[in-house]
1. Measure off 7 Å from each Cα along the Cα-to-Cβ vector at residue 68 and residue 132, then give the distance between these two points in nanometres to one decimal.
2. Multiply the residue separation of residue 84 and residue 39 by 0.36 nm, subtract the distance between their alpha-carbon atoms, and state the gained length in nm to one decimal.
3. Between residue 150 and residue 103, what's the calculated FRET efficiency when r is the beta-carbon distance and R0 is 35 Å? Round to 0.05.
4. Report the label-to-label distance for residue 53 and residue 77 in nanometres (one decimal), using points 7 Å from each Cα along the Cα→Cβ vector.
């Protein structure tokens, strides 16, 4: 009986160790994904500053939803056309307070504080904005599927 209790105790310890190791692996995987998403978010920022349609085409999913300054929700094709025609161009672009939440191995949400100076359809716009972006791993690579911003000062 004593040997049986010892075996049960040992099994419990092994299960706890395996669970703890899996949690560490999940945490390490999550941190790796966070770093990858921050890198991609930075790459998108640089592409917007340069008007790099090729990079944006690669970073944005085909079913991207992207609200413009007038509240219209643009498709990827429409958004790329804006960048291509320089209807929407940035001269200053900086993100702070970046936070990434990883929900599984294929979905991450970025939020942050953006300071921009841009021109949209001839109108100069500057200011602080809060933003969120949803990144999903599609066909083995991360792509942005949605973006939203709120024009507000930091609170």
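Bear in mind these aren't lab numbers, they're just calculated from the coordinates by the rules spelled out. It should be emphasised that the depicted structure is a prediction, and the values quoted were computed from it without experimental measurement. Every residue, glycine as well, gets a Cβ built from its backbone with ideal geometry; the counts of neighbours run over all protein chains shown.
1. It is 2.4 nm.
2. Stretched fully, the residue 84-residue 39 segment lengthens by 13.9 nm.
3. Efficiency at R0 = 35 Å is approximately 0.95.
4. The modelled label-to-label distance comes out at 1.4 nm.
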